[in-house]
Amino acid sequence: MTDYTLHYWPIPFRGHFARAALAHAGADWAEAGTEATAEAMDKPVSEQAVPHMAPPLLIDHRRDSAVAQMPAIMAYLGAALDLMPGDPARDALALKAVLDGNDVLDEITRDGGRQMWDAASWEAFEPRLSRWMAIFEETGNRHGLTAKAGWMLGTGAASLADLAAWALWSPMTRKLPPLRGMLEREAPATAGLVARLEDTPPLARLRERSDAAWGESYCGGQIERSLRAVLGQVQR
Ligand SMILES: N[C@@H](CCC(=O)N[C@@H](CS)C(=O)NCC(=O)O)C(=O)O
């Protein structure tokens, strides 16, 4: 049996945060798959591994524990896999980067597809997306990150904050290429960090595996179709 099982859908999106942390740390995990993910989510709460509304859900078999809510999963993995910067101020900023990332995911899917994008709503959102990019950039700049070197919080190696930045911006800008130019323009140091992490063997392998399994999917569903439509992309 693997050490961890991740319950999530066959898309990168919110699941890629946990995957990035697990892959980067060389942890051994299995993907539960769509059927088991839906089954776990639909069980009566009294029968769930941890009471939860929606995936991602992470099971740690070695510690016999389970956690849901993406930022809580990242806090868990940050501690379990030694990915925290190690002082209270930067540990809080690492968690903040995860929470910022989760907010961006909610915003780019209009809260999980409650409404679809159209030209006007996307145009109104673009300055917010630019600002989110600038928030990551300014955070990194304040800790010495440049396009060529450094880490989001000035640690000596990738921390949870760097993995959150990768998990947020890499799938988004690779699966929705019109957004890549925006990240490079608004957040060149962050774009450089994402590219450097992308070239590390664990994250390169994760990218290859997920591309092979899930193709061009980003967030899935109708909301992805409407996102691609406003970005002038044909869904493959
Ligand atoms: N706040 C939760 C959001 C979870 C969530 O919205 N999960 C989505 C996939 S990204 C889902 O499967 N939703 C189905 C539902 O809410 O019924 C988290 O951060 O984990």
Fill in the blank from the handout: For P55, the lone unmet condition from (1) within 14 Å of the ligand (Cβ to nearest atom); (2) part of a helix (DSSP H, G or I) is (2)
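Is it the case, given these coordinates, that Y4 is among the aromatic types (F, W, Y), more than 15 Å from the ligand (Cβ to nearest atom) and either at positive phi or out of contact with any Pro (no Cβ under 7 Å at 6 or more places or on another chain) (or both)? Step through it out loud before you land on a result.
Details: among the aromatic types (F, W, Y): yes; more than 15 Å from the ligand (Cβ to nearest atom): yes; either at positive phi or out of contact with any Pro (no Cβ under 7 Å at 6 or more places or on another chain) (or both): yes.
When the stated conditions are applied, Y4 passes them.
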Practice task
Working only within segment 187-221, note down all residues that are within 16 Å of the ligand (Cβ to nearest atom) and in contact with an Asp or Glu (Cβ under 6 Å, 6 or more places away or on another chain).
Solution key: Y218
Fill in the blank from the handout: L95 passes all but one of the listed conditions (1) assigned by TED's automatic domain parsing to the domain that holds I135; (2) near the ligand (Cβ under 10 Å from one of its atoms); the exception is number (2)
Completion exercise
D28 meets each of (1) away from the ligand (no atom under 16 Å from the Cβ); (2) in the same structural domain as E186 (by TED's automatic domain parsing); (3) surrounded by fewer than 19 Cβ atoms within 10 Å (Cβ to Cβ); (4) among the acidic types (D, E) with one exception, condition (2)
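The values are calculated or read from the model by the stated rules, or taken from the named source; none is laboratory data. If you're wondering where the values come from, they're calculated on a predicted model, not measured in any experiment. Please note: Cβ atoms are built from the backbone with ideal geometry, for glycine as well, and neighbour counts cover all protein chains shown.
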